[in-house]
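Data first, discussion second: the structure below is written as structure tokens.
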Amino acid sequence: MTLIDLQNRIKQRLQEAALELFGLSVEQVSAETPPKPELGDLAFPVSFELAKLIKQSTGTRVAPRAIAEKLKEKLAADEEISRIEVAGAGYLNIFFDRAQLLSVFAAVLPLAIDHATIESVSSRPKQMVEHTSINPNKAAHIGHVRNAVLGDTFVRILKAAGNEVEVQNYIDNTGVQVADVVVGFKHIERMTLDEIKNLDGSLPEDRPFDYYCWDLYTKVGLFYRDDDPNGQPNPEKLKLRTDILHALEQGNNPTAELADYVATRNVECILDTMERLGIRYDLLARESEILHLHFWDRAFQLMKSAGVIRLETEGKNKGCWVMPFESHTGTDEHEADKIIVRSNGTVTYTGKDIAYQLWKLGHLGLDFNYKPFRKYPNAQVAWVTTTEPNSETLPEVPRPNFGGGVTVYNVIDSRQSYPQEIVARGVAGLVPELGQDASVHLAYEMVALSAGACAELGIELSNEDRAKPYIEMSGRKGLGVKADDLIDRLEADALREVEARHPELTAEEKASTANEIAVGALRYFLLKFTRNSVIAFDFKEALSFEGETGPYCQYAAVRASSIFRKLDRESHVVAEKLIQRAAGDAEIRKQVAQALDGEAGTEIWSLVMLAERFDEVVAQCAAAAEPANLAKYTFNLARAFNFFYHRHRIIAEEDLTKKAVLITAADIARRQLTSALATLGINVPERM
RNA sequence: GCACGCGUAGCUCAGUUGGAUAGAGCGUUUGACUUCGAAUCAAAAGGUCGCAGGUUCGAGCCCUGCCGCGUGCACCA
């Protein structure tokens, strides 16, 4: 039995009692953790809820405390409950039998989830998460990394909560941003495809292809404006882009071939960056296939016949197919209706997105073809979409069935809330039984640059920018912190520390430890903010290994495992047996209870209780789609462990019962902490 | 103009869906390494929860109105 099981059982008892005593059914019984461990292990504020319901149904006012007293009597003491108190204005506080529960918890203690082996559970309905989806025309910056880390962590949370999950990364390989870089290669650099390939092969390792494109992309921005950053775009040069865009949409021509090389190489570089952070994908869905396999044509037919869009015959949008949008009021300047097909017959991005979303939910009636794109070291494969029906396969790795998710989460920054709403509405309009809830926009705020970060990057700010609270990053202007640069700095800083602390490790061990610390620092930094908070990126904060950081949490886990490394095997076995026997043996249970009693005992017990809340936190994070809660929990658990660590000498403890209790508590805490970190995508090194 | 988000300690942020004395980290001040690792721990100082009303047993959280900031509202993606 876990804490969640226990909690649910008590909730059910309370519902039964409410029905019996007052004839009222309480739909949701919420459980809380009391502010202080002295107040109990679990608190139920049901009496307040009941007082309200009684007043509503009978008009009489009953004091919550009186209700709590009655509930307390009804709540026949479970084996695990030692006592119940009514406290405050009417809280029902539950105190567990600590010795009994410690034994139960120790018995069901799962192995800590391994970072790399969080597996999908295939018996459940498939959840689908799309994240990363970086335009494949340049290197990833930290804003992209926030997206990827958020998405990847949410994937881990869903899996830890027992779901089957498919991870997609959308590749917009035929869009304007790729076209821009192609303009750069063709019209600024005047390079052929072969010359680009040669260049790619000759680039230094620390400035690979995506870095080259990053710089080229900013040159293209200037090129359009005839090298005046504040100038007007030159229409003739913009036409170069339009022409290339058409060639890309058409496919099967030298320009499209060149663009495909550029986009594919950028995808490879971006996937390399993500691999450094432990982020992987099941499928790369490309826009080129959505076009060439006629996904849009099918979606267009469906939308027309379902009446989701209509052809405007007059007015401003004459000749366009639009989706009516009455909830947004239109003005002269801003039209309320959303144009899906332009008057020249071409489809907007939103239109294509509706087709893709329909496919994700299994309601398009068409499918991609697939081929392997990248094999990961653990034999996992990232597949990519293709037009070729009989493309390459891997006999040793069967191809999964892609698509058909029951819920689709799109991790996209909150500036795209409006188009995302249209996609969800469009899909819901086409397939009413799906409803708008099948499409979830997992929105998050952007990562911007603090004034200090700009100064450090040598970016000169205009007076207008200086007045702002933060500076928005811009790929077009080349304004941003590249992901690999930041990871490099974090790894270098971590390596310096590891070298100073553990000179005995091999160079390889030092490097992998430094990587784990760097990943811990970066992922935690991006996860500790809730989704709707703008991160004003600051180097000092992001590069910190102290305080509320990933390395702090890792350090606590490393200390915990160092106890078990030093502890002799026999003491460990003796402790495990002793705690096991406490469940049945009254005398031993009494001794264990004594060790868990009093102020010192409560300290130990509250660590155990906090550690046992992990499953509940994961479930909450999955429901709220908010990974920051898990980050917060993990930090609090690490903090609680560090406190415990300072207060109690485990190996030196002479009282065998007390020692067994300490060992068990440390074991529970370390495993849950390791699992929590793994769910955040953070590894625990051997030493650090 | 309309829509969405934000405003909490000097700074950066949490706040368990309306509950117990509003919490962390950083920074500041002070103390703790002969110990299972000090990337740590302990203590102190620091608050008109933007402002004003309202709803109720109870509001940082819900409602209304202001003020300030951000982001959307393209036949771009």
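The values are calculated or read from the model by the stated rules, or taken from the named source; none is laboratory data. Here the structure is a predicted model, which means the values were calculated and not measured. Note that each Cβ is placed from the backbone with ideal geometry, even for glycine, and that neighbours are counted across all protein chains shown. Note: areas computed on protein heavy atoms with side chains; ligands, DNA, RNA excluded. Shrake-Rupley method; radii C 1.70, N 1.55, O 1.52, S 1.80 Å.
Here are the numbers for this structure:
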{"item": "Matching entry among A:Pro432, A:Pro469, A:Pro419 (being under 27 Å from A:His363 (Cβ atoms) and assigned to a loop (DSSP other than H, G, I, E, B))", "result": "A:Pro432"}
{"item": "Sole residue being open to solvent by 20 Å² or more (accessible area, probe 1.4 Å) and within 30 Å of A:Asn532 (Cα to Cα), chosen from A:Glu599, A:Glu548", "result": "A:Glu548"}
{"item": "Matching option when the condition is in contact with a Gly (Cβ under 9 Å, 6 or more places away or on another chain) and either acidic (Asp, Glu) or at pLDDT 95 or above (or both), among A:Asn135, A:Asn147", "result": "A:Asn135"}
{"item": "Condition broken by A:His441, with the remaining ones in (1) free of Cβ contacts under 8 Å to residues at least 24 places away in the same chain; (2) within 16 Å of RNA strand B (Cβ to nearest atom); (3) open to solvent by 30 Å² or more (accessible area, probe 1.4 Å) satisfied", "result": "(1)"}
{"item": "Breaking point among (1) more than 9 Å from RNA strand B (Cβ to nearest atom); (2) of a type in the set (Val, Ile, Thr); (3) crowded, with 18+ Cβ neighbours inside 10 Å, for A:Ile650", "result": "(1)"}
{"item": "Wholly within region A:157-248, helices (runs of 4 or more DSSP H) carrying at least 1 residues that are among the hydroxyl-bearing types (Ser, Thr, Tyr)", "result": "A:193-202, A:209-224"}
{"item": "Region A:448-503, subset polar (S, T, N, Q) and closer than 24 Å to A:Phe223 by Cβ, residue least open to solvent (accessible area, probe 1.4 Å)", "result": "A:Ser474"}
{"item": "Test: A:Lys482 is closer than 20 Å to A:Asp272 by Cα and either β-branched (Val, Ile, Thr) or more than 11 Å from RNA strand B (Cβ to nearest atom) (or both)", "result": "yes"}
{"item": "Matching residues, region A:48-84, being among the charged types (D, E, K, R), near RNA strand B (Cβ under 8 Å from one of its atoms) and at pLDDT 85 or above", "result": "A:Glu49, A:Lys52"}
{"item": "Single residue of region A:653-673 satisfying the filter (among the polar types (S, T, N, Q) and away from RNA strand B (no atom under 15 Å from the Cβ)) that is nearest to A:Glu509 (Cα to Cα)", "result": "A:Gln672"}
{"item": "Given (1) at pLDDT below 90; (2) surrounded by 18 or more Cβ atoms within 10 Å (Cβ to Cβ); (3) closer than 22 Å to A:Ala640 by Cβ, index of the condition A:Leu101 fails", "result": "(1)"}
{"item": "Candidate set from region A:498-523 (those that are in contact (Cβ under 8 Å) with a residue 60 or more places away in the chain and within 11 Å of RNA strand B (Cβ to nearest atom)); member that is farthest from A:Gly452 (Cα to Cα)", "result": "A:Leu505"}
{"item": "A:Gln56, sole failed condition from (1) open to solvent by 50 Å² or more (accessible area, probe 1.4 Å); (2) under 30 Å from A:Gly681 (Cβ atoms)", "result": "(2)"}
{"item": "Close pairs (8 angstrom Cβ cut-off, 6 or more residues apart or separate chains): modelled with pLDDT of 95 or more in region A:255-267, surrounded by 22 or more Cβ atoms within 10 Å (Cβ to Cβ) and basic (Lys, Arg) anywhere", "result": "A:Asn266/A:Lys138"}
{"item": "Where a residue in region A:628-644 is surrounded by fewer than 24 Cβ atoms within 10 Å (Cβ to Cβ) and its partner, wherever it lies, is outside any helix (DSSP H, G or I), with Cβ under 6 Å and at least six apart", "result": "A:Ala628/A:Thr530; A:Phe635/A:Glu548"}
{"item": "Residues within region A:220-247 that are surrounded by fewer than 17 Cβ atoms within 10 Å (Cβ to Cβ) and either under 38 Å from the mean Cα position of the chain (by Cα) or not small (Gly, Ala, Ser) (or both), tallied", "result": "18"}
{"item": "Contacts under 8 angstrom Cβ, first residue in region A:530-549 being within 22 Å of A:Asn629 (Cβ to Cβ) and of a type in the set (D, E, K, R), partner open to solvent by 40 Å² or more (accessible area, probe 1.4 Å) and assigned to a loop (DSSP other than H, G, I, E, B), 6 or more apart", "result": "A:Arg531/A:Glu445; A:Glu548/A:Lys528"}
{"item": "Sole exception among (1) in contact (Cβ under 8 Å) with a residue 40 or more places away in the chain; (2) surrounded by fewer than 17 Cβ atoms within 10 Å (Cβ to Cβ); (3) over 30 Å from A:Leu461 (Cβ atoms) for A:Tyr170, by number", "result": "(2)"}
{"item": "Helices (runs of 4 or more DSSP H) lying entirely in region A:492-605 (those with 3 or more residues that are within 21 Å of A:Asp655 (Cβ to Cβ))", "result": "A:550-566, A:569-582, A:586-595"}
{"item": "Criterion violated by A:Tyr212 - all others in (1) touching a strand residue (DSSP E or B) at 6+ places or on another chain (Cβ under 9 Å); (2) free of Cβ contacts under 8 Å to residues at least 60 places away in the same chain; (3) among the aromatic types (Phe, Trp, Tyr) satisfied", "result": "(1)"}
{"item": "Any chance A:Val29 is touching a Lys or Arg at 6+ places or on another chain (Cβ under 8 Å) and within 15 Å of RNA strand B (Cβ to nearest atom)", "result": "yes"}
{"item": "Candidate set: region A:32-47, residues that are within 6 Å of RNA strand B (Cβ to nearest atom) and loosely packed, with under 15 Cβ neighbours inside 10 Å; chosen: the one nearest to A:Phe96 (Cα to Cα)", "result": "A:Glu32"}
{"item": "Residue list for region A:562-594, filter: near RNA strand B (Cβ under 9 Å from one of its atoms) and not basic (Lys, Arg)", "result": "A:Ser562, A:Ile563, A:Phe564, A:Leu567"}
{"item": "Selection count where residues are on the phi > 0 side of the Ramachandran plot and either in a helix (DSSP H, G or I) or modelled with pLDDT of 90 or more (or both), scope region A:9-47", "result": "1"}
{"item": "Sole residue being touching a Leu at 6+ places or on another chain (Cβ under 7 Å) and touching a residue at least 40 places away in the same chain (Cβ under 8 Å), chosen from A:Gly365, A:Gly429, A:Gly405", "result": "A:Gly405"}
